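Rule-based calculations on the coordinates, nothing more; no lab input. Since the model is a prediction, treat every value here as computed from it, not as a measurement. Here the Cβ positions follow ideal geometry from the backbone for every residue, glycine too, while neighbour counts run over all protein chains shown.
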């Protein structure tokens with residue numbers, strides 16, 4: 001794994017609100033993604049547990065790649081931190097330098113899981129950024145792309161729908177990805193399973209009361225999303241194994 005990228009920025013607070021399903025969202029429209037289009041039976045899954053190919057629930061008959069979690073660190077650890085995020089969320093952006101530090105310090109002891117939560121009209125490029133990250137994940141570079149999306153959030157956050165693909169492509173190219181494949185995966189998210197994955201993770205969180213980002217859980221228990229509280233929770237969980 002390449003050295004994780006760090007950035008230090010001020011602290012902001014982001015609050016996202018779950019809107020009634022009858023309202024039409026501009027950020028869903030821009031990618032033609034709808035919460036109602038999720039084809040995975042969310043009720044089969046325990047949202048507080050890491051999802052792997054080994055623990056898929058009985059009754060699931062879909063493509064595992066649409067539901068298994070991206071894991072950084074010690075994948076088989078008994079201590080699991082799950083984070084719901086939105087790459088355009090200002091609070092996620094502010095916390096990201098601390099998370100890179102924590103992940104680096106605990107990577108040999110903790111499994112870190114990142115999932116998407118898309119709720120707010122205030123993040124018009126957030127869903128597209130997740131698609132860009134998933135296109136990179138298909139070449140084994142999810143975490144590196146996630147780092148770049150946080151670091152350069154001020155650059156891509158305000159760009160237009162017409163220009164954002166080229167901005168995301170610049171980051172993908174800097175990682176040495178096969179750009180023909182990356183662009184194909186990015187553009188065909190609706191057919192290749194990326195859309196289902198994003199819908200599933202957001203739907204899984206919404207169903208279980210995840211109502212803002214960043215939202216953190218350590219071994220199934222919600223914790224405050226600050227550096228000190230995250231470290232405290234990890235140390236406490238590690239002391240019990």
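For the range 125-139, enumerate the residues that are more than 20 Å from residue 99 (Cα to Cα) and surrounded by fewer than 21 Cβ atoms within 10 Å (Cβ to Cβ).
Across the range 125-139, the qualifying residues are 138, 139.
Could you check residue 172 against (1) in contact with a helix residue (DSSP H, G or I) (Cβ under 7 Å, 6 or more places away or on another chain); (2) in a helix (DSSP H, G or I); (3) within 23 Å of residue 45 (Cα to Cα) and say which number it fails?
Of (1) in contact with a helix residue (DSSP H, G or I) (Cβ under 7 Å, 6 or more places away or on another chain); (2) in a helix (DSSP H, G or I); (3) within 23 Å of residue 45 (Cα to Cα), only one is false for residue 172: (3).
Considering every residue within the range 79-87, establish whether at least one is over 19 Å from residue 211 (Cα atoms) and surrounded by fewer than 24 Cβ atoms within 10 Å (Cβ to Cβ).
yes
Whether any residue in the range 204-213 is free of Cβ contacts under 8 Å to residues at least 60 places away in the same chain, on the phi < 0 side of the Ramachandran plot and either in a helix (DSSP H, G or I) or in contact with a helix residue (DSSP H, G or I) (Cβ under 6 Å, 6 or more places away or on another chain) (or both) is what I want to check.
Here is the first cut: in the range 204-213, the ones free of Cβ contacts under 8 Å to residues at least 60 places away in the same chain are 209.
Remaining after also requiring on the phi < 0 side of the Ramachandran plot: none.
No.
Among the numbered criteria (1) on the phi < 0 side of the Ramachandran plot; (2) surrounded by fewer than 18 Cβ atoms within 10 Å (Cβ to Cβ); (3) free of Cβ contacts under 8 Å to residues at least 24 places away in the same chain, which one does residue 178 miss?
(3)
Every residue, every condition in (1) in contact with a helix residue (DSSP H, G or I) (Cβ under 8 Å, 6 or more places away or on another chain); (2) surrounded by fewer than 14 Cβ atoms within 10 Å (Cβ to Cβ); (3) in a helix (DSSP H, G or I), yes or no:
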| site | (1), (2), (3) |
| --- | --- |
| 189 | yes, no, no |
| 199 | yes, no, yes |
| 202 | yes, no, yes |
| 229 | no, yes, yes |
| 236 | no, no, yes |
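When the residues of the range 42-91 are filtered to those that are part of a helix (DSSP H, G or I) and touching a helix residue (DSSP H, G or I) at 6+ places or on another chain (Cβ under 7 Å), which remaining residue is nearest to residue 144 (Cα to Cα)? Break it down stepwise before answering.
To start, the set of residues in the range 42-91 that are part of a helix (DSSP H, G or I) comprises 42-44, 64-66, 90-91.
Remaining after also requiring touching a helix residue (DSSP H, G or I) at 6+ places or on another chain (Cβ under 7 Å): 42, 66.
On the way: 42: 28, 66: 20 Å.
Among them, the one singled out is 66.
Tell me which residues, restricted to the range 100-117, are in a helix (DSSP H, G or I) and touching a residue at least 60 places away in the same chain (Cβ under 8 Å).
Initially, the range 100-117 is screened for residues in a helix (DSSP H, G or I), giving 100-106.
100, 101, 102, 103, 104, 106, listed by residue number.
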